[in-house]
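The values are calculated or read from the model by the stated rules, or taken from the named source; none is laboratory data. Just so you know, these numbers come straight off a predicted model, no measurement behind them. So basically every Cβ, Gly included, is an ideal-geometry build from the backbone, and we count neighbours across all protein chains shown.
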Amino acid sequence: MATETTDYQFNTPVVGTEEDNWGTLLNENFQQIENCFNGTTEVAPNLAVGFWKVDDFAVTSTAAELNKLDGFTGDKDDLNLLDGAAPNTVVNNKAVVYGSAGQVQATTVDLGNWTVTESSGVLYFATGGTNKMKLDASGNLTVVGDISAYGTV
């Protein structure tokens, strides 16, 4: 009497018996296999961690880890922007991740023609690459050029 495989219920004829059934049983198996390949029968692969392979590499992510990507519409470049990013820190060529209070630490802020740079507790304001003003931690302000008080902008 033929038995069935556990996962896909393929017929497994018992050696030494069923002399007249081997051809029929094997033909049924081949039809089941063909139905799996052509989409007639749904295949339920074994996706246990480490068992599923793509190009000979075992997929080691759990279902929970893969489900974290559910709904993500970006691509690898979007994900790479986060790789190496850190909260409250500006990392060159990476996404900016604000700190828990909404802050970002940076040593230079580029505002187009103007930049504001912090160095050793001093803020330098520059335009066109030339410092025009500095403000130190004691509140001392040094300006290149004239100062207008009580003017209008």
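Data table
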| quantity | calculated |
| --- | --- |
| Leading residue by the ranking (surrounded by the fewest Cβ atoms within 10 Å (Cβ to Cβ)) among those in the stretch 60-78 that are acidic (Asp, Glu) and part of a loop (DSSP other than H, G, I, E, B) | Asp70 |
| Matching entry among Phe57, Phe51 (being over 30 Å from Lys134 (Cβ atoms), free of Cβ contacts under 8 Å to residues at least 60 places away in the same chain and surrounded by 10 or more Cβ atoms within 10 Å (Cβ to Cβ)) | Phe51 |
| Conditions (1) out of contact with any strand residue (DSSP E or B) (no Cβ under 7 Å at 6 or more places or on another chain); (2) within 30 Å of Ala101 (Cα to Cα); number of the one not met by Ala85 | (1) |
| When residues of the stretch 89-114 are limited to those that are part of a strand (DSSP E or B) and more than 13 Å from Ala126 (Cβ to Cβ), the one nearest to the chain's Cα centre (by Cα) | Val97 |
| Leu81, sole failed condition from (1) under 30 Å from Tyr124 (Cα atoms); (2) assigned to a loop (DSSP other than H, G, I, E, B) | (2) |
| Thr41, sole failed condition from (1) surrounded by 11 or more Cβ atoms within 10 Å (Cβ to Cβ); (2) modelled with pLDDT of 80 or more | (2) |
